[in-house]
Amino acid sequence: MSILFGTIIAAADDTVSEYPHDGVVLPFNYVPTGWVGITFLALFGVTTAGHLFQALFFRTMYMIPTLVLCGICELLGWAARYWGHVNPQSGDAFMMQICTTIIAPSFMTAAMFLILPKIFNELGMEYSRMAPRLYSIIFISVDVTALVIQAVGGAMASIAETPDDAEKGGRIMLGGIIIQLVAVILYSILGTECVVRFSLDRPARPKVMNEQRKHEGWINVPRGIIWMLVGLTIATVFIIIRSIYRTIELTDGWNGTIISTEKWFNWFDGAPIVVAMFTFNFLHPGYLLRNLESDNRLPVSKDSSTERVEMARV
């Protein structure tokens, strides 16, 4: 792990001249550093291949259109950045990396929106503001909406013939990122509230049970659930950091200081997403949540059992 984080930090911190060369205006406003692009390509390649293997091995197929697809988009984005290193004047390379790296985290957040309700089912649906399956339905719907908006904005920017048209596309992408950021923050608040309510045994809704169960806090909670919550927390923090950065970046404009500074992109976009990806490799739901349906699961109500069956179909 220390070697991995050392590599990420070194790559994120490295940069070359951030100004136009010999009076030539570059789409990136700098020449992307070659070895940094290769490093992130290698890192995203490893984590994406790992997620594909884990999805097949643990039969968590929902991880393929989420985490695996996120990794593929990041690979395309960093390949485009390396293309920009080879051909700094390529506008196609710039737009390709902008579009793919902006939409990639949407697929990761979709996985997060699917995982958390599974945990809520086990803690007890009475501690959640909503029925667990509604989290997936509502937040994934918002996530898809944000993804479509970002894709439309990216398409408009990529075919723009004037700076004004490109700015319009950028503003549309910005709208999608803001929607995603708000959704992740709301998801975090609701998730935190559920965990706190469970810890204090203060249900948000009446318990629907024939027999009241004795609340023993976290004593009987499987370790896998606890570690999965840790993984979700780590990934959420990095997703929020990245979303705030991209919001500021696009607000600053195509030629602003933020987008024109390579190390900030490395630090606040590339590094957070690769760390979040590896977090789910090490804290994978297929392994940590594999015993949710065992005889040792937490006792829940009949309604919760129904919810569990419904969630298993997601």
Practice task
Check whether at least one residue in segment 111-120 is assigned to a helix (DSSP H, G or I), closer than 30 Å to Thr162 by Cα, in contact (Cβ under 8 Å) with a residue 12 or more places away in the chain and touching a Ser or Thr at 6+ places or on another chain (Cβ under 8 Å), and report yes or no.
Solution key: no
Exercise for the section: Evaluate segment 117-127: report whether one residue or more is at negative phi and within 16 Å of the chain's Cα centre (by Cα). Expected result: no
Exercise for the section: Name every residue in segment 85-106 that is surrounded by fewer than 22 Cβ atoms within 10 Å (Cβ to Cβ) and part of a helix (DSSP H, G or I), in order of residue number. Expected result: His85, Val86, Gly91, Asp92, Met95, Met96, Thr100
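Restricting segment 254-285 to residues that are hydroxyl-bearing (Ser, Thr, Tyr) and either closer than 28 Å to Gly224 by Cα or surrounded by fewer than 19 Cβ atoms within 10 Å (Cβ to Cβ) (or both), which is nearest to the chain's Cα centre (by Cα)?
Of everything passing the filter in segment 254-285, Thr279 is nearest to the chain's Cα centre (by Cα).
Rundown of residues vs (1) in a loop (DSSP other than H, G, I, E, B); (2) over 30 Å from Gly169 (Cβ atoms); (3) at pLDDT 90 or above; (4) of a type in the set (S, T, N, Q), yes/no style:
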site	(1), (2), (3), (4)
Met209	yes, yes, no, no
Gly224	no, yes, yes, no
Val230	no, yes, yes, no
Ile241	no, no, yes, no
Ile244	no, no, yes, no
Handout entry: Of residues in segment 39-51 being among the hydrophobic types (A, V, I, L, M, F, W, C) and buried (at least 16 other Cβ atoms within 10 Å of the Cβ), the one nearest to Phe107 (Cα to Cα)
Key = Phe44
Handout entry: Odd one out for Asn87 among (1) closer than 18 Å to Met156 by Cα; (2) among the polar types (S, T, N, Q); (3) more than 17 Å from the chain's Cα centre (by Cα)
Key = (1)
Practice task
Go through (1) modelled with pLDDT of 95 or more; (2) over 29 Å from Gly231 (Cα atoms); (3) buried (at least 22 other Cβ atoms within 10 Å of the Cβ); (4) among the aromatic types (Phe, Trp, Tyr) one by one and return the number of the condition Tyr82 breaks.
Solution key: (3)
Practice task
Identify all residues within segment 147-167 that are surrounded by fewer than 15 Cβ atoms within 10 Å (Cβ to Cβ) and modelled with pLDDT of 90 or more; write none if there are none.
Solution key: Val148
Exercise for the section: Check segment 29-48 and report whether any residue there is within 30 Å of Val195 (Cβ to Cβ), assigned to a helix (DSSP H, G or I) and of a type outside the set (Ser, Thr, Tyr). Expected result: no
Exercise for the section: Tell me which of these Lys118 doesn't satisfy, since it passes every other one: (1) within 23 Å of Ala276 (Cα to Cα); (2) at pLDDT 95 or above. Expected result: (2)
Handout entry: Of residues in segment 131-146 being aliphatic (A, V, I, L, M) and under 15 Å from the mean Cα position of the chain (by Cα), the one surrounded by the most Cβ atoms within 10 Å (Cβ to Cβ)
Key = Ala146
Exercise for the section: Enumerate the pairs (first residue in segment 144-158 and over 19 Å from Ala183 (Cα atoms); second residue anywhere and surrounded by 21 or more Cβ atoms within 10 Å (Cβ to Cβ) and polar (S, T, N, Q)) with beta-carbon separation below 6 Å, excluding pairs fewer than 6 apart on the same chain, so at least 6 apart or on different chains. Expected result: none
Exercise for the section: Return yes when Arg202 is modelled with pLDDT of 85 or more and outside any helix (DSSP H, G or I) and no when it is not. Expected result: yes
Practice task
Name every residue in segment 224-254 that is touching a helix residue (DSSP H, G or I) at 6+ places or on another chain (Cβ under 9 Å), without any contact (Cβ under 8 Å) to a residue 24 or more places away in the chain and not hydrophobic (A, V, I, L, M, F, W, C), in order of residue number.
Solution key: Thr233, Glu249
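The values are calculated or read from the model by the stated rules, or taken from the named source; none is laboratory data. Please read these numbers as outputs of a predicted model, since none were measured by experiment. Quick reminder, even Gly has a Cβ in these numbers, built from the backbone with ideal geometry, and neighbours come from all protein chains shown.
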